[in-house]
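Below is one structure, written out as structure tokens; the observations come after it.
The values are calculated or read from the model by the stated rules, or taken from the named source; none is laboratory data. If you're wondering where the values come from, they're calculated on a predicted model, not measured in any experiment. Neighbour counts run over all protein chains shown; Cβ positions are idealised from the backbone, glycine included. Calculation scope for accessible area: heavy atoms of the full protein, side chains included, ligands and nucleic acids excluded. Shrake-Rupley method; radii C 1.70, N 1.55, O 1.52, S 1.80 Å.
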Amino acid sequence: MAVQRNPSVLPRPRWEPGTAERMARSVAARGDERTVRETADWVAGRAASEGFRVEPIPLAGLDGWRFDERTGNLAHHSGRFFTVEGLHVTVRNGPFPEWCQPVIHQPEVGILGILAKEFDGVLHFLMQAKMEPGNPNLVQLSPTVQATYSNYTGAHRGRKVHHIDYFVQPGRGRVLVDVLQSEHGAWFYRKSNRNMIVEVTEDVAPHEDFRWLTLGQIGRLLRRDNLVNMDSRTVLSCAPVPEDGTEALHTDTELLSWLTGERTRYGVTARRVPLASVPDWEREEYAIRHREDRYFRVVAVAVEAGTREVGRWTQPLFEPYRRGVIAFLTRRLGGVPHVLVHARVEGGLPGVVELAPTVQCDPGNYAHLPPGRRPPFLDVVLSAPPGRVRYEAVHSEEGGRFRGAENRVMVVEADEDEAPLSPPPGYRWVTPGQLRALVRHGHYLNVQARTLLACLNTGAAVL
């Protein structure tokens with residue numbers, strides 16, 4: 001096996017001198033278990049003190065939302081926020097050549113932004129205890145700012161988003177990260193968010209819903225279930241931490257050429273269609289669901305949240321039936337840690353194909369299929385002995401649009417028999433350093449892969 005010295009041929013921006021080293025010091029500042037416990041207790045306390053309520057309601061009870069008589073699409077009367085429509089996808093050379101489904105269409109770019117500041121020579125990051133109606137535990141650690149364009153421009157006519165000026169007014173701080181990244185390609189249609197980290201030197205007004213933490217402390221929190229939300233994880237995946245060497249099984253040029261070939265090979269067509277025309281999906285009193293109760297359903301909720309910009313509202317949410325699994329398989333190749341990525345087709349992705357974890361699925365959706373059609377490597381992950389599991393926690397997905405959407409997130413060590421050096425088509429061995437180079441540019445890593453990269457960046461997972 002030849003592991004090559006990998007030249008830096010990707011277009012890599014030159015960070016401000018010392019930025020990566022300062023990030024490394026922040027990762028090393030892990031604190032102790034008492035700090036982790038206090039932070040978790042603070043988050044739980046914010047949830048208990050505000051009297052948050054989320055109640056399922058009939059679809060007809062959605063206030064300000066209506067189904068279009070002609071298309072069946074579900075939309076807000078203002079024309080803002082998002083719509084629930086149909087999506088028709090065809091894939092050349094894919095395992096599933098065609099399907100239709102409901103999808104969220106939200107043609108605006110939100111901001112996911114984290115403020116950074118040095119305290120005693122160590123970078124800290126301002127995290128928010130934020131309520132989202134779809135979170136299993138309602139309140140989780142979110143970025144400093146987590147807001148759609150409709151939110152931060154006041155379409156809801158609510159209170160101003162805290163600290164938004166640092167991210168929309170030039171010159172309020174030093175930009176360390178600013179990149180467009182995709183949202184969930186299985187449930188959103190071509191939705192992206194602006195992922196930002198902005199460093200400040202001025203004092204930031206204290207608030208009971210915000211707390212400064214180091215990257216190492218956030219890494220310890222990522223070892224707990226449902227505590228650091230998806231929006232925080234995607235921003236942290238973009239953090240300019242030091243790269244872990246230059247040796248890799250494939251050069252950067254080879255990796256990019258392979259991914260370009262995968263994007264060309266599949267020939268994906270994805271188009272929006274009327275929700276009423278989507279076959280096998282039925283609208284009932286409380287949900288839009290697949291007739292065989294697979295994949296997910298669209299439900300409605302009524303929300304009370306005193307700390308949000310608007311205190312009461314109703315909205316639709318996408319709700320999966322079961323907990324999913326996302327995992328990297330990892331091996332040392334020539335002594336260098338690598339992870340196995342999958343060039344995955346998702347109908348709603350802006351670029352259609354992005355790098356995904358080795359395994360990304362709800363196993364229950366494949367229970368009716370013969371073994372040969374189960375996702376590759378799923379059984380390797382599910383049967384891994386504890387000694388091979390390098391990381392495991394349950395993390396929920398975006399709670400503003402999804403209800404109870406949880407994944408068992410894992411990093412599992414494999415051997416040649418389980419994950420060969422020459423993997424099946426659509427899979428490649430890459431180093432974490434190569435992923436960090438790619439994530440500095442939009443639409444290379446999907447949101448699930450970015451969750452795993454955030455765990456590596458913060459020290460929550462160690463290869």
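General observations
- Sequence of 264, 19 from largest to smallest accessible area, 1.4 Å probe: 264, 19
- Diffusion of segment 374-459 by Stokes-Einstein, at 10 °C in a medium of 1.306 mPa s and with Rh set to the Kirkwood radius over alpha-carbon pairs, works out to 107 µm²/s.
- Of the trypsin sites (Lys or Arg not before Pro) in segment 315-419, those whose Cβ has at most 11 other Cβ within 10 Å and which sit in DSSP loop: none
- Segment 358-401: proportion of alpha-carbon pairs further apart than 11 angstrom, %: 75 percent
- Computed about its Cα centre, the charge dipole of segment 39-156 is approximately 120 debye, with only Lys, Arg, Asp and Glu carrying charge at their Cβ.
- Where labels lie 7 Å past Cα in the beta-carbon direction, separation of residue 292 and residue 416 in nm: 3.9 nm
- Per-atom-type breakdown for the chain gives carbon and sulfur 48% of the accessible area (1.4 Å probe, protein chains only).
- Electrostatic tally near residue 463: other residues with Cβ closer than 9 Å to its Cβ, Lys and Arg +1, Asp and Glu -1, net 0.
- Placing +1 on the Cβ of every Lys and Arg and -1 on the Cβ of every Asp and Glu, with nothing else charged, gives the chain a dipole about its Cα centre of roughly 500 debye.
- Derived scalar couplings ³J(HN,Hα) [segment 373-389; Karplus, 6.51 cos²θ - 1.76 cosθ + 1.60; whole Hz; x for Gly, Pro]: 9, 6, x, x, 6, 4, 5, 4, 5, 5, 9, 5, x, x, x, 9, 8
- Selection from 204, 96, 71, by position along the positive dipole direction of the chain (Cβ): 71
- Positive-end residue of 277, 299, 287, charge dipole of segment 265-309 with Cβ unit charges: 277
- Dipole size of segment 333-414 about its Cα centre, with +1 on Lys/Arg Cβ and -1 on Asp/Glu Cβ: approximately 140 debye, rounded to the nearest 20.
- Dipole-positive endmost among 318, 424, 456 within the chain (Cβ charges, Cα centre): 424
- Length gained when the stretch residue 332-residue 33 is fully extended (0.36 nm per residue, less Cα-Cα span): 104.6 nm
- Rolling a 1.4 Å probe over the protein heavy atoms gives the chain an accessible area of 41 Å² per residue.
- If both residues of a DSSP beta bridge must be in the chain, then about 85% of such bridges are antiparallel.
- With distances taken between every two different alpha-carbon atoms, segment 258-410 has a Kirkwood hydrodynamic radius of 18.4 Å.
- Sorting the segments 167-173, 229-235 by their residues' average number of neighbouring beta-carbon atoms within 10 angstrom, most packed first, yields 229-235, 167-173.
- Based on DSSP H segments of at least four residues, each scored -39500 (n - 2.57), the chain has a per-residue ellipticity at 222 nm of -5500 deg cm²/dmol.
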